[in-house]
Amino acid sequence: MHEIPSTSQCAPSIDCGSPLGNDRFAIELHEVTKRYPGGITAVDDLDLRVPQGAVFGFLGPNGAGKTTTMRMLVGLVRPTSGRVSVLGQPPGTPRQLARVGALIESPTFYPHLSGVDNLRLAARYAGVPDAAADRALAEVGLTGRARSAFRTYSLGMKQRLGVAAALLKEPDLLILDEPTNGLDPAGVAEMRELLRSLRRDGRTVLLSSHVLGEVEQVCDRIGVINRGRLVAEGSPDDLRAVLGDGSLLIGADPVDQAVACLRGHPAVRAVEVVDGRLRVTASPTLAAELNRRLVEAGVDVTELRPVRHSLEEAFLELTGPDQPVLADATTTGGTR
Amino acid sequence: MIASVRAAWFADRKRPAVWTVTLTWTALALVFGIGVPYLVHLTLAGDPEQADAAASLLDGVLPGQLVTTGIGLFPLFGGAIVVILGALVVGNEYRWGTLNLIFTQRPRRWQVTAGHAVALCVLTLLLAVLTFAALAAVTTVIALVEGRAPSLPSPGRLAAAVAAAWLICTAHAALGFLLAIAFRSTATAIAVGLVWTLVLENAVSGLALVLSPLTAVRNLLLAPSSGALAGALGARSQFDGGTPGVLESGNAALPVAVLLGYVLVTFGLGIWLTARRDVG
Ligand SMILES: Nc1ncnc2c1ncn2[C@@H]1O[C@H](COP(=O)(O)OP(=O)(O)OP(=O)(O)O)[C@@H](O)[C@H]1O
Ligand SMILES: [Mg+2]
């Protein structure tokens, strides 16, 4: 587990107004292992806690065990060992399922039934009125094609129906496995808006995705899983911090004098000259102080900006081929 | 549980394959149970030497013999078709991956599968009733055309025949249901189910005629038990000029018990398997 300092709790672009119960977790996995017949260990001693009301991004490379974990949360797959608790209930029980909506892997529906009939069928199982089907269809913008057979839907329409099915029960917890898969740009934006409105309603979302930019925009917490183990957990900023503080890009004249001046600063770890500018490995919070030092030393500062690590860089660092999967997978992220 | 039955029935009744199978079966029953014998009767009718055979064939397609003619169709032909029906209604859930959808709504998994089983029982009842209704209609028309009295068997006998047909169909459907779950596939279940009932069981049943120790085994098999139940209701066996699959039998109790056993055990195993196994 990467030691991730608890810096901020929210993605930069979203407000933190949602009520988060401090000791209440919508999802708790304790030492969960899933070994499939044939010997593949898809999930390996996983500990994961998703706070109530959070939009939690679940990241990991292909085959990391995200889908398997999600299947265990709704009782489709049983863990080989360990304890799973969802909304305080064991998965797969009527009381738990009634409060959980899930879209896991690809949307699965009856091909000969129309979109609305597929949802009505699900509504019958769920014990919710048929009207919920129409409402869910409207929510994902499928009303116009509600009466066409599912097999005639395009990829993105199928995906939208999958999201509608997950919304059918107005659940407290949504489990969405790559929900933007196949969506057009408008659909992706609508999904982002939907996730925000779900958060405003105080619902919890567990979202897996390979589109890191999306995750960064909507998730307030992120867990990274690799080879079945949690390798990092925290806010997007926490994860970026895995790579260190980041760096500063400084345009200065004369360059030699600036390099000498900066190398003398105790908090600066390295100074390189790249394309006539200085790349300074140091916390971006030092920007003002370094600027003053340079000016006092008689150096003209023409440009100065922080270079933040992207979530993608952090992800690749955390899940790269030579990344050891660390044994201690306790949650070290933000304290809520 | 009621929600699961309602939902399964909703899915089944909107499935074109279900109605294709049901209507195909009804058409086959009419063609082979009534159409062919009646055509043969018409061909023989002009020949004085064949008068007895012609008269017997005509009797068989009149309403009076509705029970024996109808029930005789079920053991071999009906059973095979209904194995397909049972495999279809649950096997396609695996093909389409829809177990993901229906197992995550609310009811427990065993309830969902049990709902499917109950809906399948409703379908087989419909199929049995529909078959006898169609046969009754067509035989009545023939009686009127031939100038005979269109008198149906007593309601009690008709009800017994429908119940027996229902039991035979449900037992076969339950086999298809279990096989589809076991193999997670419609096609494999249909192939295995048909080879089992049509080939394997009939081979054992035939061998039992010469190897008497096999009789005990035969009495516990699905297709021969169905044949014995039809025989007990008066259907004539193949050796007696009747329908293939029908066996002579004076007693309905044993075949009824065996068929009920099949229904309970195969549905039970199917429900247990789906509740236990991982989905995905
Ligand atoms: N039914 C199954 N039987 C055997 N192995 C399986 C099964 N389902 C998944 N696995 C294996 O478990 C591992 C984790 O798979 P999983 O689908 O959970 O990954 P994922 O993180 O969702 O990947 P992706 O990003 O590609 O969706 C993989 O090695 C996969 O091959
Ligand atoms: Mg996956």
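The values are calculated or read from the model by the stated rules, or taken from the named source; none is laboratory data. All values reported here derive from a predicted model rather than from experimental measurement. Positions of Cβ are generated from backbone atoms using ideal geometry, with glycine treated the same way; all protein chains shown enter the neighbour counts.
If you take the residues of segment B:227-265 that are in a loop (DSSP other than H, G, I, E, B) and among the β-branched types (Val, Ile, Thr), which of them is surrounded by the most Cβ atoms within 10 Å (Cβ to Cβ)?
Within segment B:227-265, the match that is surrounded by the most Cβ atoms within 10 Å (Cβ to Cβ) is B:246.
Taking residue A:67 as meeting all but one of (1) within 14 Å of another protein chain (Cβ to nearest Cβ); (2) more than 16 Å from ligand 2 (Cβ to nearest atom); (3) of a type outside the set (A, V, I, L, M), write down the number of the exception.
Condition (2) is where residue A:67 drops out.
For segment A:70-123, what are the residues that are crowded, with 24+ Cβ neighbours inside 10 Å, away from ligand 1 (no atom under 15 Å from the Cβ) and over 20 Å from residue A:140 (Cβ atoms)?
Within segment A:70-123, A:86, A:97 meet the criteria.
Rundown of residues vs (1) modelled with pLDDT of 95 or more; (2) within 30 Å of residue A:65 (Cβ to Cβ); (3) within 12 Å of another protein chain (Cβ to nearest Cβ); (4) in contact with a strand residue (DSSP E or B) (Cβ under 6 Å, 6 or more places away or on another chain), yes/no style:
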{"site": "A:97", "(1), (2), (3), (4)": "yes, yes, yes, no"}
{"site": "A:103", "(1), (2), (3), (4)": "yes, yes, yes, yes"}
{"site": "A:110", "(1), (2), (3), (4)": "yes, yes, yes, no"}
{"site": "A:132", "(1), (2), (3), (4)": "yes, no, yes, no"}
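Got a number for residues in segment B:12-31 being among the aliphatic types (A, V, I, L, M) and in contact (Cβ under 8 Å) with a residue 12 or more places away in the chain?
Looking only at that region, the number is 6.
Please work out which residue is farthest from residue A:318 (Cα to Cα), limiting yourself to segment A:22-45 and to residues that are assigned to a loop (DSSP other than H, G, I, E, B) and within 16 Å of ligand 2 (Cβ to nearest atom).
The qualifying residue farthest from residue A:318 (Cα to Cα) is A:36.
Residue under question is residue B:29, and the condition is that it be within 17 Å of the chain's Cα centre (by Cα) and either buried (at least 18 other Cβ atoms within 10 Å of the Cβ) or not in a helix (DSSP H, G or I) (or both); does it hold?
Yes, satisfied.
Name the single residue, out of those in segment A:46-64 being farther than 12 Å from residue A:27 by Cβ and within 16 Å of ligand 2 (Cβ to nearest atom), that is farthest from the chain's Cα centre (by Cα).
Ranking the candidates gives A:63 first.
Just checking: which of the strands (runs of 3 or more DSSP E) contained wholly in segment A:142-235 hold 1 or more residues that are of a type in the set (Gly, Ala, Ser) and either over 18 Å from the mean Cα position of the chain (by Cα) or away from ligand 1 (no atom under 13 Å from the Cβ) (or both)?
The strands (runs of 3 or more DSSP E) meeting that bar are A:229-234.
Only one residue in B:112, B:195 is surrounded by fewer than 22 Cβ atoms within 10 Å (Cβ to Cβ), among the hydrophobic types (A, V, I, L, M, F, W, C) and part of a helix (DSSP H, G or I). Which one?
B:195
I need a count of the residues in segment A:250-271 that are loosely packed, with under 15 Cβ neighbours inside 10 Å and within 35 Å of the chain's Cα centre (by Cα).
3
Determine whether residue B:69 is within 30 Å of residue B:17 (Cα to Cα), surrounded by 23 or more Cβ atoms within 10 Å (Cβ to Cβ), within 14 Å of another protein chain (Cβ to nearest Cβ) and touching a helix residue (DSSP H, G or I) at 6+ places or on another chain (Cβ under 8 Å).
Taking the combined requirement at face value, the residue does not satisfy it.
Could you list, ordered by first residue, the pairs with Cβ atoms under 6 Å in which the first is in segment A:59-76 and over 13 Å from residue A:44 (Cα atoms) and the second is within 11 Å of ligand 2 (Cβ to nearest atom) and small (Gly, Ala, Ser), at least 6 apart or interchain?
A:71/B:280; A:76/B:280
Would you check which residues across segment B:128-148 are in contact (Cβ under 8 Å) with a residue 60 or more places away in the chain and either more than 22 Å from residue B:164 (Cα to Cα) or among the β-branched types (Val, Ile, Thr) (or both) and list them?
Hits for segment B:128-148 are B:131, B:138, B:139, B:140, B:142, B:143, B:146, B:148.
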